[in-house]
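Enquirer: Got a structure here, written out as structure tokens. Questions coming.
The values are calculated or read from the model by the stated rules, or taken from the named source; none is laboratory data. Every value quoted in this text rests on a predicted model; they were computed, and no experiment measured them. As a convention, Cβ positions derive from the backbone with ideal geometry for all residues, glycine included, and neighbour counts pool all protein chains shown.
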Amino acid sequence: MKTTIAAIAMLASLIVIAQARAQDQKSLTFATEGAFPPWNAVDASGQAVGFDIDVGKALCKRAKFDCTFVTQAWDGIIPALTVGKFDAIMAGMSITDKRKQVIAFSEPYALTSNYFVASKASRLPELPENTRIDLSSASDSDKAFLQTLKNNLQGKVIGVQGSTNAEAFVREYLGDAVEVRTYDTQDNLNIDLSVGRIDAGLADYSVWKAFLDTDDHATVAIYGPRISGGLFGPGVGIGVRKDSAHLAEELNTALRSIKADGTLEEISYRWFGADLVSD
């Protein structure tokens, strides 16, 4: 009888421990686009890969989450999050005021630097190198340079991935001077740019880098200033539902940890060959 009672007590203890461990190991599903290399892509086996995925895995290891990545088309990724199709978004998504009206964000895990890349066949007027436009500053020099950029692109066809900040920028600042052509993926934009179907495109430098590292880059070149701030936001963050503030804070805690020990920087160099994560 004593042996039976002891066995029952031990079994109960094991159940309690297992339940506690299960609670500690929370399940979390991230959505990514899977068509935005090197931020995110899908490999030959159908698995999501890229900077976003490696950062997500590092965060999950630090926060003791059991994480899964799924792919979701970009134009439906925020609506799918809000209806509970998954728990969070890691898809190279910039933190902006417009998006914050619908969802919440973690702290930035990468910074953004947006550039035009133009077809050399377009023969655009030259612009000074290593210049910047900060849309948040509203300085006279930035306004003047932005006007020069607009004048130089007058009448050109500009490609952007649809439903991105790049599209928002071109329509707001250049829309009455250029023809805007939207694409479902950056890869399709790159194809048209490389063969001269469009004159230029706008995207984050990290996205252009993957394209410029290919043989197709011989027909194109970076054009004009680095553009940041304003509608491009403070950086790239993890999107969560507004009622998931606790999740955002848990992710922030893990994010600060992988920043502090250099893990985040190491992942950045792995995918971009540069530090895109340090302030």
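Enquirer: Within the stretch 33-88, can you find the residues that are farther than 23 Å from GLN161 by Cα, among the small types (Gly, Ala, Ser) and in a helix (DSSP H, G or I)?
Expert: The answer is GLY56, ALA58, ALA63.
Enquirer: With a cut-off of at least 3 residues that are closer than 25 Å to GLU33 by Cβ and either out of contact with any Cys (no Cβ under 8 Å at 6 or more places or on another chain) or charged (D, E, K, R) (or both), name the strands (runs of 3 or more DSSP E) lying wholly within the stretch 117-220.
Expert: 157-161, 179-183, 200-204
The rows are residues; the columns are (1) in contact (Cβ under 8 Å) with a residue 24 or more places away in the chain; (2) among the hydrophobic types (A, V, I, L, M, F, W, C).
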{"residue": "VAL180", "(1), (2)": "no, yes"}
{"residue": "VAL220", "(1), (2)": "yes, yes"}
{"residue": "PHE232", "(1), (2)": "yes, yes"}
{"residue": "GLY237", "(1), (2)": "yes, no"}
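Enquirer: Also: For the list (1) of a type in the set (A, V, I, L, M); (2) modelled with pLDDT under 95; (3) within 24 Å of ALA91 (Cα to Cα), I need the number of the one condition that LEU189 fails.
Expert: Here LEU189 clears every test but (2).
Enquirer: Counting just the residues of the stretch 26-55 that are closer than 24 Å to ASP261 by Cα and free of Cβ contacts under 8 Å to residues at least 60 places away in the same chain, which one comes out surrounded by the most Cβ atoms within 10 Å (Cβ to Cβ)?
Expert: Here the residue is ASP52.
Enquirer: Return the pair list, or none, for Cβ contacts closer than 6 Å from residues in the stretch 184-206 that are among the aliphatic types (A, V, I, L, M) to residues that are surrounded by fewer than 17 Cβ atoms within 10 Å (Cβ to Cβ), at least 6 apart or on different chains.
Expert: ILE198/ASP192
Enquirer: Residue check, VAL178 against (1) outside the structural domain of THR32 (by TED's automatic domain parsing); (2) surrounded by 14 or more Cβ atoms within 10 Å (Cβ to Cβ); (3) out of contact with any strand residue (DSSP E or B) (no Cβ under 7 Å at 6 or more places or on another chain); (4) not polar (S, T, N, Q), all met but one. Which one?
Expert: (3)
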